[in-house]
1. Using just the C-alpha positions of the stretch 262-375 as equal point scatterers, what log10 of I(q)/I(0) does the Debye formula give at each q in 0.12, 0.13, 0.18, 0.20 1/Å?
2. What whole-number value in Å² describes the accessible area per residue of the stretch 328-423 for a 1.4 Å probe?
3. If you split all Cα-Cα distances of the stretch 366-521 into 5 Å bins from zero, what percentages do you get per bin, shortest first?
4. May I ask you to give the solvent-accessible area per residue for the stretch 462-521, in square angstrom, as obtained with a 1.4 angstrom probe?
5. Determine Rg/Rh for the stretch 473-514; Rg is computed over alpha-carbon atoms and Rh is the Kirkwood hydrodynamic estimate from the same atoms.
6. Sort Asp380, Asp416 by heavy-atom solvent-accessible area, probe 1.4 angstrom, most to least.
7. Mind grabbing the accessible area of Arg28 for me, 1.4 Å probe, Å², rounded to tens?
8. Quickly rank 202-213, 218-229, 528-539, 490-501 as a protection proxy: mean count of other C-beta atoms within 10 Å, highest first.
Amino acid sequence: MTRRHRFLLALACLALAGCDCGSRTRRRTPPALSLESNLVDFGRVAVLTRATKTVVLENTGEDPLKLFGLPIEQEVRVFSTSVLSGEIPGGSKLRLELAFEPFQAASYQGRLVIESDSSTARVFVVELRGEGVSCCDGGVDAGSDAGQDAGADAGADAGSDAGTDGGIDAGWRDGGSCVGAPEGTVKWTYPPSGSAGGAIFSSPALGADGTLYFGTSDGRLLALWPDGTLRWAFNTQSGQLVASSPAIDSAGNVYFGCYDEKLYSVDPAGNLRWAFTTAGDVNSSPAIGEDGAIYVGSGDGRLYAVEPSGTQRWAYNAGAYIYSSPAIGPEGVVYVGTKSPGSVLAINPNGTLRWSYSIGTDVDSSPAISLDGRIYVGADDGVLYALDSTGGLKFAYAAGGGGSGGIDSSPAIAPDGTAYVGSWGDFVDAVDSFGKQKWRFPTLSTVGWSSPTIGANGTIFIGTKDAHSASQPNRLLALEPDGGLRFSMTTSTIEFIDTSPALAPDGTLYFGTWGGKMYALCTESLGLAKTTWPRFRHDSRNTGRLPRCSIDISVQCNPAPTSWPATYTIVVNDADPGRLSFGDPDNPSLVNFCVTGVGPLNVSAKSGLITASFNMGACQARAYPASNTCSTAKSYSCP
């Protein structure tokens, strides 16, 4: 080989990456991770919608690259990824999909931490940014490489009871656009002119496809498409008043009461399934249990539990007319109020009395259940009562003095624990978890049976009626979380609003009036707030039930301690990372009652072990998911 040939061969070897010119074989290059960018900006994304972006991870080496973990550091859980670990072959790329789902209008930041065996750097950090905006705020970005999952429910899968929107699914039909329209704009009315045939006292329910269901005073249940056209009308056997609000089960069957003393069940096509007869008018709205049982009160003084087939499971004799609508807790306990002498009852799932709290005046308001298990309910004495899970009084807040100041409105509970309620005293009150007034809004007219509905952006919607003089307007009010007026919409002098608004995932607000008209308004609240009780009857399907929580917790007591405080291990199995608290389950402020220096604990993994120092052997732990839509409590006793 000539000197020229050897020189050319050397140049060729140097041109080959990794070539060892001194041997016949060459070494494979170690794995090396390369990123297209260390910043992912989702831009402006409508709240409660899901936007996706793709990050490309490339292994520029020849050996496989192992990914050990892809945790996302964030204060609020809005960013996520479907890939947690894996392997990238040499010379290959991995398309990593990231998702951003803001739950309120705010700016969010996070960090994707990529841990691998890369020879260049074992840890790479990708900065995540995104801004949640209201639906009508303008300038919403596409925000997704593959399109957004717009129209999805606010935190609930199709057919699931876990979210507050009660199973509204991706098949929800669009009823027209509000884009560019000011809040409070009337989208449509039914009928476009005149009356639906009778006054509307029944609060609407929303089916999974967006169908709107409500009763009328001429004895009908109407079903409207989201665009306001009639789908079908069901006539009761008597043609008497339907003030009861319909409830929808997971199969789409609709249940409602009537003044003719019957509880009706109608299938999704509007056909009668069965009619269950009581001995009094049924103005109470039904609740649907986890097993499909239907619970409803009657003017005969009984709370009925009815099988899904229409047969009676049991009847509890309360001894007083039940106008209040029952609420079901996650353990299956049913809470309901009674008329004079006036009590709040807790009924076990088997129909026996768990406890009774005497108030001494009509309780027509329907109970709401908070994250810590409290029961909130109003009464005709103008007081909002908060009871713990054993029936003990936590506080009594005077919203107005008896008579014209009574409370028939049913409370709603915000994510921070604030209870909102209206009264005949012409006010909407916001009350904190200690029974102190946060603010009071003067409505200028009566709040009767209309109850607050809390939107995903924190707006509180409630109706009023002219009960005192012709100069006082009937209005649909939209209030800010701090008590300011966001907007209002005035109806005609005969159109009292006694219904509680329903709120669709696209921001459409529905309510009916005494004038027999159903309204659809444009709002910037894309569905209900993620909280335990955002509206009358809990969710968009009006199930009246707080779902069971998915978190499971236990405490390992062994070995037995010889003195206190003692160190125990808490075992967390959590499908939705959240937080833990200990002590009095009805007073979250007493989180250190059982545990030293703990509370509430943040649960950073779906399952794991947490060590804490306990002051005593018998206590209760309560776990909350990050969504704040339910809670679960476990009592434990260590020797």
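1. So the normalised log intensities are -0.38, -0.45, -0.85, -1.03.
2. I get 27 Å² per residue for this part.
3. Once binned at 5 Å, the Cα pair distances of the stretch 366-521 give 2, 10, 20, 23, 21, 14, 7, 3, 1, 0.
4. 28 Å²
5. 0.99
6. So, going from the largest accessible area down, we get Asp416, Asp380.
7. It works out to around 140 Å².
8. Per-residue Cβ counts within 10 Å, averaged per peptide and sorted highest first, yield 528-539, 202-213, 490-501, 218-229.
The values are calculated or read from the model by the stated rules, or taken from the named source; none is laboratory data. Just so it is clear, the structure is predicted and the values come from calculations on it, not from any experiment. Glycine gets a Cβ as well: all are built from the backbone with ideal geometry, and neighbour counts include every protein chain shown. To get the accessible areas, we keep the full protein, side chains included, count just its heavy atoms, and leave off ligands, DNA and RNA. Shrake-Rupley method; radii C 1.70, N 1.55, O 1.52, S 1.80 Å.
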